[in-house]
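Novice: Got a structure for you, written out below as structure tokens; questions coming shortly.
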Amino acid sequence: RFYIKPRETDGEGWGATEAIRGALAHWVKIKGGKIENYQMMAPTTINVSPRDLGGNLGPIEQSLIGAPIADPTDPVEVGHCARSFDARLVCTVHVHDSKTDKELARFQVP
């Protein structure tokens with residue numbers, strides 16, 4: 001048999017591999033035979049992260065500086081910038097005004 005079902009009901013584990021855009025890692029904690037916590041760190045999460053602890057802007061933030069926005073109530077250009085880094089990112093983009101912390105737009109995949 002190529003698969004043996006584990007008998008343990010509690011445990012922790014992690015795995016890492018190299019994906020197309022960089023490192024990919026998963027962590028899991030199982031308690032009572034059920035997943036208690038699961039976390040994944042995808043390459044894009046690392047590659048296009050926002051501002052770091054030193055105040056340095058992430059690549060998407062940098063790409064937005066000076067970008068023309070035709071309609072501030074519907075800033076589709078922000079989604080275009082995000083998709084230029086990863087085509088799937090636009091479903092996670094929220095636009096906030098840093099001065100008021102007001103959400104200006106939320107991009108959702110239909």
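Novice: Considering 35, 30, which residue is open to solvent by less than 80 Å² (accessible area, probe 1.4 Å) and closer than 27 Å to residue 7 by Cα?
Specialist: Answer to the check: 30.
Novice: For segment 38-48, which residues satisfy the criterion of being of a type outside the set (A, V, I, L, M), open to solvent by less than 50 Å² (accessible area, probe 1.4 Å) and out of contact with any Gly (no Cβ under 7 Å at 6 or more places or on another chain)?
Specialist: Hit for segment 38-48 is 44, nothing else.
Novice: When you go through 79, 58 one by one, which is the residue that is at negative phi and touching a residue at least 24 places away in the same chain (Cβ under 8 Å)?
Specialist: 79
Novice: Also: If I filter segment 41-62 down to residues being in a helix (DSSP H, G or I) and out of contact with any Phe, Trp or Tyr (no Cβ under 8 Å at 6 or more places or on another chain), which single residue comes out as farthest from residue 27 (Cα to Cα)?
Specialist: The extreme case among them is 62.
Novice: If residue 78 satisfies every condition in (1) of a type in the set (Val, Ile, Thr); (2) surrounded by 14 or more Cβ atoms within 10 Å (Cβ to Cβ); (3) outside any helix (DSSP H, G or I) but one, which is the exception?
Specialist: Unmet condition: (3).
Novice: Could you list, in sequence order, the residues of segment 49-75 that are modelled with pLDDT of 85 or more, surrounded by 10 or more Cβ atoms within 10 Å (Cβ to Cβ) and of a type in the set (Gly, Ala, Ser)?
Specialist: Once the filter is applied, which keeps residues that are modelled with pLDDT of 85 or more, surrounded by 10 or more Cβ atoms within 10 Å (Cβ to Cβ) and of a type in the set (Gly, Ala, Ser), segment 49-75 yields 58, 63, 67.
Novice: Being part of a strand (DSSP E or B), in contact (Cβ under 8 Å) with a residue 12 or more places away in the chain and of a type outside the set (Gly, Ala, Ser) is the filter here; which residues of segment 13-29 pass it?
Specialist: Within segment 13-29, 14, 24, 26, 27, 28, 29 meet the criteria.
The values are calculated or read from the model by the stated rules, or taken from the named source; none is laboratory data. Since this is a predicted model, take the numbers as computed values, not measurements. Here the Cβ is made from the backbone with ideal geometry for all residues, glycine too, and neighbour counts use every protein chain on show. These accessible areas exclude ligands, DNA and RNA; they are computed on the full protein's heavy atoms, side chains included. Shrake-Rupley method; radii C 1.70, N 1.55, O 1.52, S 1.80 Å.
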